[in-house]
Amino acid sequence: MTTQTTQYRLEQKRDVSAGFPGPKSAELAARRSAVVAGGVASSVPVYVADADGGIITDVDGNSFIDLGSGIAVTSVGASDPAVVAAVQEQVAKFTHTCFMVSPYEGYIAVAEKLAELTPGDHEKRSVLFNSGAEAVENAVKVARIATGRTAVVAFDHAYHGRTNLTMGLTAKANPYKSSPAGSFGPFAPEIYRVPMSYPYREETGIAGKMTGEDAAARAITMIEKQVGAENVAAILIEPIQGEGGFIVPAEGFLPALAKWAKEKGVVFIADEVQSGFCRTGSWFASEHDGVVPDIITMAKGIAGGMPLSAITGRAELMDAVHPGGLGGTYGGNPVACAAALAAIETMEAQDLSARARHIEEQVMGRLRKLAEDVDIIGDLRGRGAMLAMEFVKPGTGATTKEPNAEATKEIAAACLQEGVIILTCGTYGNVVRLLPPLVIGDELLADALDVLEAAIRKAAAA
């Protein structure tokens, strides 16, 4: 384990004695309802005044333990001193020129760092954007130009964004693609979906549970039968699925897919938007499986909370796109680039990959013991500080594995009442995901786990 060297501005202690939502949060909620579209939802009914380390304080003076990190964004904390200083210095010089008009060093420096950090020792090129969805869209553009093909293969339970193309790539309909009120479609064509390796819910046969190689063969057979390898530009996959439920594929699944893609001239794109930058105990989740993606998409944890995303890929693929074919007005904003370089510096200086592995030891040690006592935890999974519990109806864990979305909601609500913010996810709405800032202290994390354990025991006893 690394030595925790983070210096905190805020006291790292939860305290919701002021009550919530308090009068100031209520006032902001009223103002919000008058001007913010109802389609934008928030899971926590309080408004943030400050955040540091593993703590978020609201405008009424409550302090919450943050086990969500703004959906895996604030890995170095929401106000890392190095990021703050770098942003302040850059803002004082210039906030924007547009790299496509008047370029600057920060963009190049980020691309150099990505070439160093991403898997593989091949020659690489990068392009910077603003959001994860932008990164995914542009990775697909590169793959199509480079291969001259159009089909893109995505996987069941996948989440890749909310733009038109990325909605089509995303597997879950409600709320991302449609609702009882209607659909956001029609969606972009030439997207094909195949089964994911989902060990907890995988089918069994004469030989027992399906292996990673078996699951890959199943997907590959479907691709070859229904699409044709010669038509496929890219396979797009999250090495650990995010919104779909933090699904870790069986060992051997990703390498088999990557091997097939290489043999067939298909671009293997790893969507590491949520799993990248030390989150899983290594710089990128692909490394756990020994996979070297042709293109990797990044965002979230890259820049300490500033809006930045990137794609990094093999030079021959990235350079296949004509000049002017990639870019965007704000892509690689100089302030965001400065934040990214500082955030990466913090990750390296504090060895936050090792810190993520230590968090996994703490959390999973507690949860495995808990799972022995309650029958609603169907599965524990994840890597590093990207961990999840899948909840099932009592008595169904080893049989039907019936999803228990109701208990999942109750647990999240109970934790919030005690001052702990947790996030839920999953195709069936029955997964609690844990994404603490990698700089959270051991004592604060233990306190949060106490609250979480109590909430789970209460839900199990109901």
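Laid out as a table, the results:
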| item | result |
| --- | --- |
| Matching residues in the range 296-344 - criterion: being within 15 Å of Ala133 (Cα to Cα) and of a type in the set (Val, Ile, Thr) | Ile296, Thr297, Ile302, Ile311, Thr312 |
| Members of the range 104-123 found to be out of contact with any helix residue (DSSP H, G or I) (no Cβ under 8 Å at 6 or more places or on another chain), closer than 18 Å to Ser286 by Cα and crowded, with 16+ Cβ neighbours inside 10 Å, listed by number | Leu114, Ala115, Thr118, Gly120 |
| Pairs, first touching a residue at least 40 places away in the same chain (Cβ under 8 Å) in the range 178-199, second among the charged types (D, E, K, R) and part of a loop (DSSP other than H, G, I, E, B), C-beta under 8 Å, six or more apart | Arg193/Asp156; Val194/Asp156; Pro195/Asp156; Met196/Asp156; Tyr198/Asp156 |
| The range 1-58, subset in contact with a Ser or Thr (Cβ under 9 Å, 6 or more places away or on another chain) and of a type in the set (Lys, Arg), residue nearest to Gly77 (Cα to Cα) | Arg9 |
| Members of the range 256-310 found to be among the aromatic types (Phe, Trp, Tyr) and closer than 19 Å to Arg381 by Cβ, listed by number | Phe284 |
| Candidates Gly290, Gly304, filtered to the one that is assigned by TED's automatic domain parsing to the domain that holds Thr170 and closer than 25 Å to Asp214 by Cβ | Gly290 |
| The one condition in (1) touching a residue at least 40 places away in the same chain (Cβ under 8 Å); (2) closer than 29 Å to Lys177 by Cα; (3) hydrophobic (A, V, I, L, M, F, W, C) that Ala215 fails to fulfil | (1) |
| Qualifying residue in the range 77-86 (condition: in contact with a strand residue (DSSP E or B) (Cβ under 9 Å, 6 or more places away or on another chain), outside any loop (DSSP other than H, G, I, E, B), touching a residue at least 40 places away in the same chain (Cβ under 8 Å) and crowded, with 23+ Cβ neighbours inside 10 Å) | no |
| Residue count, the range 17-71 (criterion: in a loop (DSSP other than H, G, I, E, B) and of a type in the set (S, T, N, Q)) | 4 |
| The range 1-35, residues that are hydrophobic (A, V, I, L, M, F, W, C), closer than 23 Å to Met347 by Cα and modelled with pLDDT of 95 or more | Leu10 |
| Any chance Thr424 is modelled with pLDDT of 95 or more, outside any helix (DSSP H, G or I) and polar (S, T, N, Q) | yes |
| Count of residues meeting criterion [charged (D, E, K, R), in contact with a helix residue (DSSP H, G or I) (Cβ under 8 Å, 6 or more places away or on another chain) and without any contact (Cβ under 8 Å) to a residue 40 or more places away in the chain] in the range 218-250 | 0 |
| Filter result (assigned to a loop (DSSP other than H, G, I, E, B) and polar (S, T, N, Q)) within the range 306-331 | Thr329 |
| So Arg366, is it surrounded by fewer than 17 Cβ atoms within 10 Å (Cβ to Cβ) and either out of contact with any Asp or Glu (no Cβ under 7 Å at 6 or more places or on another chain) or not in a loop (DSSP other than H, G, I, E, B) (or both) | yes |
| Top-ranked residue of the range 307-324 - restricted to ones that are closer than 23 Å to Leu341 by Cα and surrounded by fewer than 24 Cβ atoms within 10 Å (Cβ to Cβ), ranked as nearest to the chain's Cα centre (by Cα) | Pro307 |
| Criterion: crowded, with 22+ Cβ neighbours inside 10 Å, touching a residue at least 60 places away in the same chain (Cβ under 8 Å) and out of contact with any Gly (no Cβ under 9 Å at 6 or more places or on another chain) - qualifying residue of Gly331, Gly327, Gly281, Gly304 | Gly331 |
| Residue list for the range 387-429, restricted to those being within 20 Å of Glu203 (Cβ to Cβ) and among the β-branched types (Val, Ile, Thr) | Val392, Thr396, Thr399, Thr400, Thr427 |
| One residue from Ala446, Ala405, Ala413 being out of contact with any Leu (no Cβ under 7 Å at 6 or more places or on another chain), over 25 Å from Gly77 (Cβ atoms) and touching a residue at least 24 places away in the same chain (Cβ under 8 Å) | Ala405 |
| Sole exception among (1) of a type in the set (D, E, K, R); (2) buried (at least 20 other Cβ atoms within 10 Å of the Cβ); (3) in a loop (DSSP other than H, G, I, E, B); (4) at pLDDT 95 or above for Arg162, by number | (2) |
| Scan of the range 67-81 for residues that are of a type outside the set (Gly, Ala, Ser) and under 16 Å from Lys13 (Cα atoms), ordered by number | Leu67 |
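The values are calculated or read from the model by the stated rules, or taken from the named source; none is laboratory data. Please read all numbers here as calculations on a predicted model, not as lab measurements. In this analysis, Cβ positions are derived from the backbone assuming ideal geometry, glycine residues included, and neighbour counts consider all displayed protein chains.
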